[in-house]
1. What shape does the stretch 428-478 have by the C-alpha gyration tensor, where a ≥ b ≥ c are the square roots of the eigenvalues, rounded means a/c under 1.5, and otherwise prolate means a/b greater than b/c and oblate the rest?
2. Looking at the square roots a ≥ b ≥ c of the eigenvalues of the Cα gyration tensor of the stretch 322-385, which shape do they give, rounded for a/c under 1.5, prolate if a/b is larger than b/c, or oblate?
3. Applying a 10 Å radius around every beta-carbon, put 439-452, 667-680 in order of their mean neighbour count, most first.
4. Pull out a ≥ b ≥ c, the square roots of the eigenvalues of the alpha-carbon gyration tensor of the stretch 354-492, then state rounded if a/c is under 1.5, prolate if not and a/b is larger than b/c, and oblate in the remaining case.
5. Provide 709, 456 in ascending order of the number of other Cβ atoms located within 10 Å of each residue's Cβ, fewest first.
6. Please arrange 117, 429 by how many other C-beta atoms lie within 10 Å of their C-beta, fewest to most.
7. If you rank 424, 683 by fewest surrounding Cβ atoms within 10 Å, what's the result?
8. Between residue 342 and residue 734, what length comes free when the chain is fully extended (0.36 nm per residue of separation minus the Cα-Cα distance, one decimal in nm)?
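Each value in this text was obtained by applying a stated rule to the coordinates, not by laboratory testing. Keep in mind the model is a prediction, meaning the values are calculated, not measured. Using ideal geometry, Cβ is built from the backbone for each residue, glycine included, and neighbour counts are taken over all protein chains shown.
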């Protein structure tokens, strides 16, 4: 058994022992009351001893909990010191009454009871301090003082007259017990308020707190009432409630210690020592106030004093609120500055980012902008790892800052491997700087994991105040497309028209999807054996608003570079499944790497395969030349759709780089031989030899072959003689918006 297990066992035993002691205490109390009838002094002495034992039990439990906890020590320490003060008052009171047989020194006893009250308040306020801060804590102290002043002033003014009228004596301890009632009510209210959201105490501990302080309130009210009506014989039962309340508090301390030891839960967080002096002053002020209010001030009315103190305390409270608001405002300003820094600063290089660049461009009349791109940065990341890539990004940033420092240019990191250099009204100078900076970067030795590298960089320059960022990006894009190192933007660059064309078609396709103007065409694929269409390939078209059919060559290559492409694929798949749902022929759908990476497309495909009867009639085609970022993801998709008996075809086979190894990876059912080879098999022996090799290899793997671009009878005959299984092309049948029978001459 380890130490934690032994400690847990000890706490469980202590928990049960104290509970048994409470039962034993109640039984002993009842027996003592019964057997000491007729001897008041013996009865009072025994009750006093039992009450003293209950107080000692509380002190022992509180002290042990204080010693064995770590983060919530202040609460238990203050509560323990409060009961130490209380027990000192009881010792003085008991020693005077039962040992010396003299009147007790009420001033000293009341002072100790008051100190106990203040420490109890401090214990619970320490929790508020840690949760809500020092100023909220101060305001809570002020609220308690105001409540004490108001209730005491009113009661002292009117209850005294009431007791005098009925010839009752106002108890000397009335102010103390009244203050206890107010504090205990506040504690119970706080426990109830935070009962469901407390992170410091378990529900069992809070229940015991509620029981304890509820018993204290009942016993204090009963004690005052019995004294007023001079029913001294009933006060003994009040002592029983006091004792049970204290033992319940002791049990709460043990249960809390048990919970902390077993669960190691989070207790009170924070630092009580911070701002301890001002809080101590507040507590001392409470004591002084209670003492002053207890004095007899002659002609001065207690209600007048109460009003005066209320005015003073309200002023103090407002001051604390203003201080808290000022501190909160300062915190918000600091947070706002930090958020602005995070928004406008790149975390990796500490350079200003794209947002800052956009802001600065708006402030300049004649901005001149250079965008610098590090070529092949993605390959560096993949080969050396992202940490090495981040290191290179920082090193290149330092070099650019170093080169730009003499010219007072501002350097930005835009995103990934791109930087920007901004100057104002210095077009010619910035252009010359770009040339020297290009040479300076490429001649610099950048170390990556102990190896020296010279990264290639490309510059795009815009010397215009009209959309400089967009035009610098165009110049950079043009330079990268044409393998140039530096390119200055001018209106004659064809890339500007490309940008406008791309934006136009993206908007057109987006509108067509929304307005349901995406339509499907179907091209037949003929089987060699039956000379009949065995399936149809689904092809996309777009209708213009005037009804003109737009071919995919106008827009598809552009859309493939955008996030709109998977949404277009979703439309194609849905329409294809609907169209072939009442037909008996097979069909094929083209998919790209972007489609496989899109969760919505994959979910749609699996849903349609599992809920329709078309799974064994659909073929999914993948372009062999297209690079998949995650081949494992593609493999998982292929296996998933093949579970539903769907088929897989490799499109444009022979045009890519993976070739025969790609077939083995994919587990394909069909090879669609690339049209660039099929078109040449009649006139090119080399093309014919390549196609024969592909067909032979496919037959060895039991994979069927399909010839694309069969546009003439000669190509058809040559492909048939090679042994290709199926044929597709204009000679077989042109794409059409419906399924049609094949030409009679081929039947």
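1. Numbers: a/c = 3.99, a/b = 2.11, b/c = 1.89.
In terms of gyration-tensor shape, prolate.
2. On the way: a/c = 6.88, a/b = 1.71, b/c = 4.03.
Since a/c reaches 1.5 but b/c is at least a/b, the shape of the stretch 322-385 is classed as oblate.
3. Details: 439-452: 12.2, 667-680: 21.4.
Those peptides, ordered most packed to least, come out 667-680, 439-452.
4. Details: a/c = 1.81, a/b = 1.65, b/c = 1.09.
The shape class here is prolate.
5. Numbers: 709 20, 456 14.
Fewest-to-most ranking of 709, 456: 456, 709.
6. Working: 117 23, 429 13.
By the 10 Å Cβ count, ascending, the order reads 429, 117.
7. Numbers: 424 16, 683 11.
Ranked by crowding around the Cβ, least crowded first: 683, 424.
8. 135.3 nm
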